[in-house]
Each structure stands twice: as structure tokens, then as C-alpha cells.
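Everything below concerns the one structure shown next.
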Amino acid sequence: MESEDAMTDPKTLIEERLARNTWGLLGTQGYILGLDVGSYGLRASLIDLHSHKYMSLHRDTNDRSPQLVDQAINLGQQLLHDAGVTAGRLVRVGAGFGGPIDARHGIILMSPRAEGWERYPLRERLEDAFDAAVVVDNDANLIALAEATFGVGHDAQHLFYIHLSSGVGGGLVLNGHLYEGATTTAGEIGHAAVGLSDPARPGQPPRTLEQQLSLSGLMRRAAELGLETNRLEEIFGDHPAAKQVVHEAIEQLAATLAQISALLDPQMIVIGGVVARSGGDRFINAVSSRMQSFLDKPVERKIAVVPAMLGFDSVAIGSVALALQSMQE
């Protein structure tokens with residue numbers, strides 16, 4: 001994983017945006033806390049709605065068990081203490097988790113990384129700990145909202161975010177608000193099958209976007225082409241098999257984003273996650289150029305395809321943005 005020094009410092013961006021906006025009746029008083037429960041370690045973000053100040057803390061962890069919630073609570077409480085936030089001044093808490101969530105009921109449905117999270121009552125646990133209203137969502141949705149509120153898409157009302165990492169997720173912001181769908185699972189493009197059935201896998205369904213473009217999917221394809229590696233740098237290296245893997249990934253991602261563009265008509269598409277960071281501008285630009293070639297009239301138009309910019313704090317920042325959004329509703 002990259003060092004934090006290589007990522008964008010979000011403090012100035014957030015404080016500038018806070019100074020230009022208000023959020024509901026409570027939008028000029030108190031504090032908002034955002035928590036990342038394990039997506040990028042443990043992270044806490046805090047904003048002062050009166051002074052428009054932004055503060056944050058993080059703690060590395062290898063824990064994947066539900067004890068992460070207790071650790072996140074402790075980190076949040078430490079940040080509140082360091083900022084001198086007294087009882088009753090915390091008006092809302094947002095939290096993000098790297099797995100499917102029933103956002104309306106505040107429940108983690110499961111974790112793709114560890115057992116023990118099934119039907120975990122995250123919202124209830126945090127409300128008990130902080131004595132404040134809590135909103136929760138999955139990490140990809142929150143990164144989408146973070147980038148649309150404070151990041152690269154702060155001038156866009158309609159934005160789609162796609163996350164390429166150990167899994168493939170997505171988030172959709174429409175009219176400046178996170179769109180969750182009928183069951184709060186909108187944006188989960190990684191679980192959609194893409195393409196036709198593979199003749200080399202008779203009787204098997206088509207692979208999903210996640211099976212093709214996640215870390216394991218890219219490395220599986222590299223192995224099929226003769227490159228055995230577990231290092232993402234080699235996938236974006238000079239080996240002929242690696243170049244073929246990246247070419248196929250660009251083609252598949254560009255075609256998928258063209259379909260999303262035709263359906264949703266976004267102003268901007270943001271690509272994030274470790275795969276996008278490793279591929280860098282060259283990868284993003286190639287996807288953008290190829291996507292445009294897949295768009296035909298009447299939907300043919302230039303759509304910005306850009307890298308995410310808020311870095312490892314993005315889930316915690318998105319949690320703050322979700323809490324702010326909930327104050328307008």
C-alpha cells in the first residue's frame with residue numbers, strides 16, 4: 001500500500017467546502033464524527049460546524065473481527081477528547097464498513113474478509129457508545145459521497161464512483177445525494193456478470209466484474225497467460241502477459257463504464273482503489289479514451305473520468321458527508 005505522504009491531504013479541501021455550505025438546522029453548531037471501521041485500518045474524522053475545522057486520527061490494525069467496532073469507538077472517543085468536545089456537542093455520527101450493509105436498518109449483513117459479522121447491529125452499537133444519531137453505509141458508497149462533497153467531484157451533481165481493490169464496488173450520487181436504491185444496494189456493479197459464458201468454463205455462468213477486475217481476478221488472468229505473481233506492480237509491468245491483462249482490464253472497464261454512462265448520464269466518473277492507484281494516470285486515461293469510443297449518439301459526449309483524490313481517509317470523510325446529508329433530510 002502507498003504511504004500516506006503520496007496521497008492528497010484533505011484538510012484544506014474539506015475546510016474550504018465547509019466554509020461555503022450549510023447543512024440543515026444544525027449546520028452551524030456542534031460536531032460531526034466520521035468513522036472508518038476497517039476499510040483503511042481504523043480512521044476517525046471530526047468537523048466543527050461552527051469554526052469549519054477538520055481533524056482526524058488513524059490507527060493501523062490487522063484485526064478483522066467485530067472487535068474492530070470497539071477499537072473504532074475508542075479512536076473516535078480519543079479524537080473527541082483531543083478536540084475538547086464536551087457531552088451534548090456531538091450532533092451526528094457516520095460510519096463506514098467494507099462489506100454489504102443494510103443502511104436503512106444500520107446492520108452489517110456480512111464481511112467478505114472475516115466471519116462473525118453476520119447481522120451485526122453497527123448503528124445500535126455506535127448510538128449506545130456516542131449518545132448521538134448514527135448513519136452507516138458501505139465503503140464504496142461513502143467514498144462516492146466523499147468525492148462528490150469534498151473531493152474531485154465537488155462541482156458535480158451526478159457522479160458515479162467505481163472502486164477497484166480486493167473487490168469491485170461502486171457508489172452513485174444523483175442530484176448531490178447518495179442514491180441507495182430499493183434495498184440500499186445500488187451501485188454494486190462488481191456483482192454483475194459481464195460478457196458471455198466462457199467456452200473454457202462449460203456450464204459455468206459468466207464471470208462478474210469483480211471476478212475479472214479485482215486484485216485476485218487480475219492475478220488469476222495473469223497466471224492463465226503465464227505470469228505467476230501476487231504483486232500488483234508486476235501486473236502493471238512490462239511482462240507481455242501483464243500487458244495483455246491490463247489491455248483486457250481497460251477494455252472491460254471502459255465498456256462497463258460506457259453502459260453506466262448511457263444509463264445514468266453522469267457528469268463525472270471517479271475511479272479509486274489500489275488497482276487504480278497502481279495503474280496511475282496512464283491507466284485512467286486509457287480507460288477514459290476507450291470508454292468514449294464505446295459511446296454512440298445520442299449519448300456521445302465527453303464525460304470526465306478521473307482518479308479519486310481523498311486517499312485513505314476517504315471512507316471516514318464520506319461518513320462525515322453522509323451525516324451532513326442526513327441533517328438536510
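At a glance:
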| quantity | calculated |
| --- | --- |
| Sulfur and carbon atoms: percent of accessible area, the chain [1.4 Å] | 49 percent |
| Quotient of Cα Rg and 2.2 N^0.38 Å for segment 230-277, N being how many residues it contains | 1.37 |
| Selection of GluC sites (Glu not before Pro), segment 173-263, meeting DSSP coil and at most 12 other Cβ within 10 Å | Glu228 |
| Rounded to the nearest 20 debye, dipole of segment 108-242 from Cβ charges on Lys, Arg, Asp, Glu | 420 debye |
| Nearby lysines by direct alpha-carbon distance to Lys11 (threshold 24 angstrom, same-chain neighbours under 8 apart not counted) | Lys53 |
| Under-5 Å amide H pairs with Arg113, H placed in peptide plane, nonlocal only | none |
| Those trypsin sites (Lys or Arg not before Pro) in segment 215-317 that DSSP places in a loop and that have at most 16 other beta carbons within 10 Å | Arg231, Arg301, Lys302 |
| Cα-based Rg of segment 35-159 normalised by 2.2 N^0.38 Å, two decimals | 1.05 |
| Alpha carbon centroid spacing (whole Å) that separates segment 80-106 from segment 149-194 | 21 Å |
| Intensity falloff of segment 109-245 expressed as log10 I(q)/I(0), Debye formula with alpha-carbon point scatterers, at q = 0.09, 0.11, 0.18 Å⁻¹ | -0.39, -0.57, -1.14 |
| If the convex hull is drawn through the Cα atoms of the chain, its volume per residue in Å³ | 140 Å³ |
| Packing-based order for 148-158, 60-70, using average beta carbon neighbours within 10 Å, highest first | 148-158, 60-70 |
| His154 paired with Asp9, simple spin-label distance in nm, labels 7 Å along Cα-to-beta-carbon | 1.5 nm |
| Gaussian network model of the chain, Cα within-10 Å springs - most flexible of Val245, Val270, Val85 | Val85 |
| Largest-first ellipsoid semi-axes for segment 19-107, taking √(5λ) over the Cα gyration tensor eigenvalues, angstrom | 24, 16, 11 |
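The values are calculated or read from the model by the stated rules, or taken from the named source; none is laboratory data. In this text, all values refer to a predicted model and were calculated from it rather than measured experimentally. Cβ coordinates were reconstructed from backbone atoms using ideal geometry, including for glycine residues, and neighbour counts include every protein chain displayed. All accessible areas refer to the heavy atoms of the entire protein, side chains included, with ligands and DNA or RNA removed. Shrake-Rupley method; radii C 1.70, N 1.55, O 1.52, S 1.80 Å.
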